[in-house]
Amino acid sequence: MARFKRYRYKIIVALLVIIILFYLYSQKEYGSELMSQQEFKQPMDRLSEQLLFQGQNKNLHSNNTTNDRFLQGAAGYCNFPNPASIKEGSHHLDTQGYKLQLALMMIRHGDRTPLHTLANRPNPRISCKFSKNEKQTHWIVDKFITRLQNADKDGSFESMQRYPNQPYCRQSYLTPQGAVQELLNGLQAKHKYIDGLDLFQQDFSERKVLVKSTVYPRTYQSANAFMFGFLSDYDTRLKIYKAKTDFCSEKDSGLNCHCPGLEKYSKPLKNMRKMSKPLLQSIANFKRKMSSILSVDVKEIRSLTHVFDSLMVRVCHDVPLPCNKARDSCVDRTIVDTLWGLVGDDLLHHYLYNENHLKTQHLKFHPLLVEMYARMKNITKRSSSTKFVLYSGHDITLTPFLMLLGIYDGKWPPYASTLALELYSKEEGSKLHYFLKVIYNGIDKTRELKFCRGLDMCKFKYFEQFVNTHLENMGLDDYDSECLSS
């Protein structure tokens, strides 16, 4: 009898091992690659933990995912949702005599499926349904779904769902992980601006908030998620206004958005600073390595950003990286980190070393800069009730604007990045003075703004001077003259 029990036990264990291995193989698009990469070969107890873990989803928290070095590199781009971040960066300046009067927040949409594919590898399918773990880990998710699934359709975005809710995400669509990122961004803004700095002065109304989004599902859904987190204490349904990718608004800036003069700066100058030979060689070596792993001609490995885009969905969603079984070679984390560095060098060269590109971005985003200035100016004149404006955009919105302000660091903005321009007031004697702060991804960048002259609290008049002179400082005429010239 005892021998039979031992025999039965061995059969059960063997069946469990087979089931686990089959599960791993079937759940990944490249199941065989999972087993071929050394870094994914784990002891059976860790595999069991991965399959049976019922608490927090480890892939949703930066402090629990992969290793710290990797998260500082390419995986930092994923910006894994981290509930602990909600209370970070909430410096309560009102206790120092400063009063928050206006917050202008620009965001990049949250995690999305790729825009591009690798040469001969289809992108993995990503679920567009919130998982049980996401609902358990983030209390706000169920409330978000319940509220939005019962909401009327937005007239301006009537063909778009308000949040990810499909079996699988289509190309370039926001994922549930991306929606969670923006929910947490909204909660963080709520904790700082509403709970900490009393932005609405205990008197909230919908007219104090304005929301703009570009006309893409990923930005529209990101705006919905952010605002639900931000206004989670209020039962309100805000209208979201359609916007262009550069957020140019003739109504809000008083400037013509049609600017044919941009065309003359579309090509780099002949004397533009060239990439160094070591950098060019590193790019060439990387392309050769990728072409070998993918078994394609090196000419098919074109844009570094396209390759990075298609690889990062695998990193951000714990899908095995591509392998070549015949050549016993795989894309590993070291390769991804190398690509991250090369992409940063490429972006720096593209944005900062191309004088014509710099001029283009200063000119293109001048109307948005003027709009933001006008909103602040109206606060100083006490002629506006608006207290918070959200601009839900893209990396191609955020990067040029960071560059225009002079605080672009050459790194691709992570998913769900945030840039806040905050206007504060302070009584000095009998006068009320105004100050600007600029916060990028929770880090105070005010001192880095050249026009702020090293101050932690930038005088509003310095910002006003910058708005009026930044085109001239780039060697450009006034906006209207530049746009009308050919």
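The values are calculated or read from the model by the stated rules, or taken from the named source; none is laboratory data. The shown structure was predicted, so the numbers you read here are calculated from the model rather than taken from an experiment. Backbone-built Cβ (ideal geometry, glycine too); neighbour counts: all protein chains shown. These area figures cover heavy atoms from the full protein model, side chains too; ligands, DNA and RNA do not enter into them. Shrake-Rupley method; radii C 1.70, N 1.55, O 1.52, S 1.80 Å.
There is at least one residue in the stretch 429-446 that is in a helix (DSSP H, G or I) and under 22 Å from the mean Cα position of the chain (by Cα).
Pairing each residue of the stretch 462-486 that is more than 18 Å from M403 (Cβ to Cβ) and among the small types (G, A, S) with any residue that is in a helix (DSSP H, G or I) and open to solvent by 20 Å² or more (accessible area, probe 1.4 Å), provided the two are 6+ apart or on different chains, yields C-beta distances under 7 Å for S486/P260; S486/K264. Residues in the stretch 392-440 that are surrounded by fewer than 22 Cβ atoms within 10 Å (Cβ to Cβ) and of a type in the set (D, E): D395, D409, E427, E428. Only one of (1) in contact (Cβ under 8 Å) with a residue 12 or more places away in the chain; (2) open to solvent by 50 Å² or more (accessible area, probe 1.4 Å); (3) within 25 Å of K244 (Cβ to Cβ); (4) among the polar types (S, T, N, Q) fails for T338. Which number is that? Among (1) in contact (Cβ under 8 Å) with a residue 12 or more places away in the chain; (2) open to solvent by 50 Å² or more (accessible area, probe 1.4 Å); (3) within 25 Å of K244 (Cβ to Cβ); (4) among the polar types (S, T, N, Q), the lone unmet condition for T338 is (3). Among the residues of the stretch 169-183, none qualifies, meaning not one is modelled with pLDDT under 95, assigned to a loop (DSSP other than H, G, I, E, B) and among the hydroxyl-bearing types (S, T, Y).
Looking at this structure, is K192 in contact (Cβ under 8 Å) with a residue 24 or more places away in the chain, more than 24 Å from D252 (Cβ to Cβ) and not aromatic (F, W, Y)? Taking the combined requirement at face value, the residue satisfies it. Screening A243 with (1) closer than 30 Å to H191 by Cα; (2) loosely packed, with under 13 Cβ neighbours inside 10 Å; (3) in contact with a strand residue (DSSP E or B) (Cβ under 9 Å, 6 or more places away or on another chain) gives one miss only, at (2). Scan the stretch 358-373 and give yes if some residue there is without any contact (Cβ under 8 Å) to a residue 60 or more places away in the chain and under 28 Å from C483 (Cα atoms), otherwise no. Scanning the stretch 358-373 turns up at least one residue that is without any contact (Cβ under 8 Å) to a residue 60 or more places away in the chain and under 28 Å from C483 (Cα atoms).
Just so you know, in the stretch 353-385 the residues that are surrounded by fewer than 16 Cβ atoms within 10 Å (Cβ to Cβ) and touching a helix residue (DSSP H, G or I) at 6+ places or on another chain (Cβ under 8 Å) include one that is farthest from K264 (Cα to Cα), and it is S385. Residues in the stretch 276-305 that are surrounded by 15 or more Cβ atoms within 10 Å (Cβ to Cβ) and not in a helix (DSSP H, G or I): V296, I301.
Find the residue count for the stretch 447-486, including only residues that are assigned to a helix (DSSP H, G or I), within 28 Å of Y265 (Cβ to Cβ) and open to solvent by less than 40 Å² (accessible area, probe 1.4 Å). Final tally of qualifying residues: 11.
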